[in-house]
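Trainee: Can you keep this structure in mind? I'll have questions shortly.
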Amino acid sequence: MINIQSPVLPCLDASRILDESFLKIMKIRISPDIFQKIPGIQIGVLVLKNLDNRRKKSVVEQLLRGVCAQKKAELKNEVKMKALNDKLSTLRLSEKESSKVLHEAQLMESDIRKITKGKGLEPKTNLYAVIHYLGLKNLVPVFARDLDIVDRDIELDFITPKKGKRPQDIELTPETRNLVVWFIDMGSQQKEDFPKLADEFVDVITKYCQGKKDESYLLNADMMEVDLGYESEKEKLYKEEEAKIAQNQESKEGGHESGEISEPSFLTDEPVTVHPEPLLREKLAQDILAAVNGWLTGQGSPEQLKEIDVETPNDPTHGDYSTNIAMKLGKQMEKTPREVADSIIAALKKPDYVEKIEIAGPGFINFHLAPEYLEENLNRTIRLGANYGRLGFGAGQKAIIDYSSPNIAKPLGVHHLLSTIFGQTIAQLMRFSGYEVVSANYLGDWGTQFGKLLYAYKTWGNEEVVKKDPLNELLKLYVQFHNEVERDPALEDKGREEFKKLEQGDEENKRLWNWFRDLSIEELDRLYQKLGVKFDEYVPESMYLEAMKNVISEGKEKGIITEGEKGALIIKFPEDKYPPYMVQKADGTTLYATRDIASMRDRIERLHGTKLIYVVDVAQKLHFQQLFESAMMFGITGADCMHVSFGRMSMPEGRMSTRKGDVILLDEVIKEAIVRTKKIVEEKSQELAESERQHIAAQMAVSAIKYNIISQNPETNMTFDWDRILSLDGNSGPYLQYACARAKSILRKSQQEESQSRAPKKSVPKDSSQTSLFSLEQAEGAVGAKKVEEEAGTTPYSQPAEKMVLRLIAKFPEAVESATKNYRPNLLCNYLFELARVFSAFYNEVPVLSAGKPELKESRLKIVQGVAQVLSNGLKVLGIAVFERM
């Protein structure tokens, strides 16, 4: 049974990117800009250890409420308020640069605004309450960090506030034990008295949270940084992981001979070592930008460019990267694009990772990567193993991703695959790119549809029948209700009455509703396990029954919610930006809109999400536009909200409808897929044990279904077709699985072979391991025709087929970045398919195990190893099973 009660608490994100700057989490420093703009500033710093923050204490809450009430009364005095604002203004830049402020001062301003409006501060934990209490009592900006989850050295600097967004607050969990606190002098105390504040901070914090002071420091112009002398939990994890990697350096990436799937490390709770990938395209763009701006300065141009577009040409003969900047600047500089291109190339001074630069067509500048770079990147791919391709642009951001979110008491239909699989894959991509991710399944367990189901069950249902096949029988009752409504529309009112009774707490309706929900969750869990789908949170709509009442009350009080037709409650948008948004029906029942507003607030305040992503079909576009606008009106800010939409799935004869029973059940699709794949596996893999063939067939079936969902452009609509959804050919999951298993088989065979004579032979027979078990490629005779004598003068990595593979391996991090930032898994699917296709051509054109020279065999086996690694990493991030053999 899935636990749907326990919220996910903020915790150490083991998948966070750790580069060099993340590993020495020991220093706190002040930016030199602060001393230039605010002469004489000083900052007190405390390190406290062995704190106890686990249990809330009422006396601490009273302290915080008391100081809030005190300051609210004091600051009604205009003179005192002006004096405080004057002091806070000293922590801003000059009038001309007023957009810059110290983050700690911005947080204090925000707290003061809340207090003077009578809202007070919520005592989230004892430490949170005590630290805010000390800051308000002494009127000093203050902040704190949990030392065990700090991401990098702490640097205090000016920030540019985001309009409409509350500044980041102190984040301390009940598990916080080791802490760094700092507070800023803004003239409230005499200079000689300011250091004494440290004693007060230590006394109060240790009084209510135990622990002890470890060190205290005073940062000023003479001491701009200090080493905190603390080894964080993250650094310990890193060292442990490095030791494991060193121990296993000689072994290949693990897998199971039986065909079991190794779960991607970034999806587990185990700590991993990760290495941010430097994206070569970005590096090249920066190098070109610097060259262009230097040239523009030399031409007397006052304008400087801020960015350069660098693209990957469709035709490999045009190079690895290309830019059209010369054509953009030509007209502006009154020069021909080719003249401008010549000047840019001269200013650029060819980077060492570039072999040659060419001007093509009207003025495109094309760049060809150097063979040395490609070889070095191949070695890096092998060295990093499962971490190759991992990115860091999401570090420091927490994404709450809402997907699947089915209505309970109904079996999953094949159309549920779209949100479920798209959402799961997006979550995996974001984890792989450095985000901390909470995957949330927002279960539809509330609403008028349950009133209809309750009426149907009470009227036509039978408990024993339902127990035998719960969700299918409940679906039949739901469909029967709507069939009866067509004959007697008055039944709609009966359904609404039953739901109203449920909202009002009717015991019988609550009992039945809980039973329906428990049956549904058991069934959902079973199907999600088959699909390899996991959630961090199961959040039922009913969780927000109290919170949505608060939404209604707050909305009325603020004038956001008004009365519409027949007494319904609605939100009207300024200038009629969107149609009115109904949040309560005329009969007093709520809608999912109300619960969505409450849920959004919860995801920001409880889960601390900085990105809220809703993976829901395009039909809900207006709803999310209204939801995001409503949230702004309520002041629910602090996170970027996004609706990631996708097209709809329909039957050949029209839309699927649960009400009419016109759905293909997901269970049916999985069963049919297993039947189809089992026939192929049994025919082509007879050398494997029966249990292994069954396992491969089951995993390959699910992979085929998932891949055929994520490999399509998510914006297009999809008509359900058995052959398409279960395709095993072309750009399909099984094709990529086989390509990966084939590469692993070659590597395995190379290890098993005994030393053979290196004497040249007239021809090289095709390796037996090059046979395609699933007839996905026709490769007969290609290698057999290769004469050993032809390789006499061949050097490693010099063949066109080899270079094509090396170039593609180098583009893997960019494919991950593009798929993640655009929320389009199909971009990574396209890349992997192209890599598998080019790998097939490579293996058919050059001998690997039978290479003419030892150095050629060694280099080509490294290419095979690189391909196996990239395919494995890519398939795992897409949620596709990876096999050692097939």
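Trainee: So which residues in region 836-849 are of a type outside the set (A, V, I, L, M, F, W, C) and part of a helix (DSSP H, G or I)?
Mentor: Within region 836-849, ARG837, SER840, TYR843, ASN844, GLU845 qualify.
Trainee: SER404 versus (1) within 21 Å of ASN826 (Cα to Cα); (2) open to solvent by less than 10 Å² (accessible area, probe 1.4 Å); (3) not in a strand (DSSP E or B); (4) not hydrophobic (A, V, I, L, M, F, W, C): which is the lone unmet condition?
Mentor: (2)
Trainee: Here's another thing I want to ask about it. Are any of the residues in region 483-495 in contact with a Gly (Cβ under 6 Å, 6 or more places away or on another chain), more than 22 Å from ARG603 (Cβ to Cβ) and aliphatic (A, V, I, L, M)?
Mentor: no
Trainee: Next question, about the same structure. Would you check if GLU497 is in a helix (DSSP H, G or I) and either at pLDDT below 90 or at positive phi (or both)?
Mentor: Taking the combined requirement at face value, the residue does not satisfy it.
Trainee: In addition: If you take the residues in region 607-644 that are among the hydroxyl-bearing types (Ser, Thr, Tyr) and modelled with pLDDT of 95 or more, which one is farthest from the chain's Cα centre (by Cα)?
Mentor: In this case the residue turns out to be SER630.
Trainee: Out of ASN844, ASN822, I need the residue that is modelled with pLDDT of 95 or more and surrounded by fewer than 23 Cβ atoms within 10 Å (Cβ to Cβ). Which one?
Mentor: ASN822
Trainee: If you check every pair at least six apart or on different chains, which have Cβ atoms under 8 Å apart with a residue in region 431-449 that is touching a residue at least 12 places away in the same chain (Cβ under 8 Å) and closer than 15 Å to THR589 by Cα first and a residue that is of a type in the set (A, V, I, L, M) and open to solvent by less than 10 Å² (accessible area, probe 1.4 Å) second?
Mentor: If the second residue must be of a type in the set (A, V, I, L, M) and open to solvent by less than 10 Å² (accessible area, probe 1.4 Å), the pairs left are ASP445/ILE408.
Trainee: Could you say whether any residue in region 179-188 is farther than 30 Å from GLN869 by Cβ, out of contact with any helix residue (DSSP H, G or I) (no Cβ under 9 Å at 6 or more places or on another chain), open to solvent by 70 Å² or more (accessible area, probe 1.4 Å) and modelled with pLDDT of 85 or more?
Mentor: Within region 179-188, none of the residues are farther than 30 Å from GLN869 by Cβ, out of contact with any helix residue (DSSP H, G or I) (no Cβ under 9 Å at 6 or more places or on another chain), open to solvent by 70 Å² or more (accessible area, probe 1.4 Å) and modelled with pLDDT of 85 or more.
Trainee: Here is a list of conditions, (1) in contact (Cβ under 8 Å) with a residue 40 or more places away in the chain; (2) surrounded by 20 or more Cβ atoms within 10 Å (Cβ to Cβ), and LYS530 meets all of them except one; can you say which number that is?
Mentor: So LYS530 meets the others, but not (2).
Trainee: Any chance region 69-86 includes a residue that's closer than 19 Å to LEU219 by Cβ and touching a residue at least 40 places away in the same chain (Cβ under 8 Å)?
Mentor: no
Trainee: Please determine whether any residue of region 456-470 is surrounded by fewer than 22 Cβ atoms within 10 Å (Cβ to Cβ) and assigned to a strand (DSSP E or B).
Mentor: No: region 456-470 contains no residue that is surrounded by fewer than 22 Cβ atoms within 10 Å (Cβ to Cβ) and assigned to a strand (DSSP E or B).
Trainee: Of all residues in region 850-882 being outside any helix (DSSP H, G or I) and at pLDDT 90 or above, which is surrounded by the fewest Cβ atoms within 10 Å (Cβ to Cβ)?
Mentor: That would be ALA881.
Trainee: Sticking with this structure for a sec: Just the residues that are surrounded by 18 or more Cβ atoms within 10 Å (Cβ to Cβ) and part of a loop (DSSP other than H, G, I, E, B), please, taken from region 308-350.
Mentor: ILE308, VAL310, GLY319, ASP320, ASN324 - these are the residues of region 308-350 that are surrounded by 18 or more Cβ atoms within 10 Å (Cβ to Cβ) and part of a loop (DSSP other than H, G, I, E, B).
Trainee: Can you list the strands (runs of 3 or more DSSP E) lying wholly within region 539-624 that have 3 or more residues being buried (at least 21 other Cβ atoms within 10 Å of the Cβ)?
Mentor: 581-584, 611-615
Trainee: Also: Give me a count of the residues in region 432-455 that are in a helix (DSSP H, G or I) and in contact with a Lys or Arg (Cβ under 7 Å, 6 or more places away or on another chain).
Mentor: Qualifying residue count, region 432-455: 4.
Trainee: Right, next: Any residue at all in region 814-835 that is in a helix (DSSP H, G or I), over 30 Å from ALA395 (Cα atoms) and not aliphatic (A, V, I, L, M)?
Mentor: No, that holds for no residue.
Trainee: Please state which one of GLN751, GLN712, GLN686 is assigned to a helix (DSSP H, G or I) and either surrounded by fewer than 22 Cβ atoms within 10 Å (Cβ to Cβ) or at pLDDT 90 or above (or both).
Mentor: Unique residue meeting the criteria: GLN751.
Trainee: Is it the case that VAL479 is open to solvent by less than 50 Å² (accessible area, probe 1.4 Å), in contact with a Gly (Cβ under 7 Å, 6 or more places away or on another chain) and either within 24 Å of ALA440 (Cβ to Cβ) or in a helix (DSSP H, G or I) (or both)?
Mentor: Here the answer is yes, as VAL479 does meet what is asked.
Trainee: Another question, then. Please verify whether region 102-125 includes one or more residues that are in a loop (DSSP other than H, G, I, E, B), within 21 Å of PHE201 (Cα to Cα), out of contact with any Leu (no Cβ under 8 Å at 6 or more places or on another chain) and open to solvent by 40 Å² or more (accessible area, probe 1.4 Å).
Mentor: Yes; the residues of region 102-125 include at least one that is in a loop (DSSP other than H, G, I, E, B), within 21 Å of PHE201 (Cα to Cα), out of contact with any Leu (no Cβ under 8 Å at 6 or more places or on another chain) and open to solvent by 40 Å² or more (accessible area, probe 1.4 Å).
Trainee: Can you confirm whether region 282-303 contains a residue that is open to solvent by less than 40 Å² (accessible area, probe 1.4 Å), among the small types (Gly, Ala, Ser) and either touching a Gly at 6+ places or on another chain (Cβ under 8 Å) or modelled with pLDDT under 90 (or both)?
Mentor: yes
Trainee: Would you confirm whether or not region 49-68 contains a residue that is of a type outside the set (A, V, I, L, M), open to solvent by less than 70 Å² (accessible area, probe 1.4 Å) and within 18 Å of ILE184 (Cα to Cα)?
Mentor: Looking for residues that are of a type outside the set (A, V, I, L, M), open to solvent by less than 70 Å² (accessible area, probe 1.4 Å) and within 18 Å of ILE184 (Cα to Cα), one finds none in region 49-68, hence no.
Trainee: Quick one: count up the residues across region 289-337 that are acidic (Asp, Glu) and touching a Lys or Arg at 6+ places or on another chain (Cβ under 9 Å).
Mentor: Adding up the residues that qualify gives 3.
The values are calculated or read from the model by the stated rules, or taken from the named source; none is laboratory data. Since this is a predicted model, take the numbers as computed values, not measurements. Using ideal geometry, Cβ is built from the backbone for each residue, glycine included, and neighbour counts are taken over all protein chains shown. Each accessible area value is taken on the protein alone, full model and side chains, heavy atoms only, with ligands, DNA and RNA left out. Shrake-Rupley method; radii C 1.70, N 1.55, O 1.52, S 1.80 Å.
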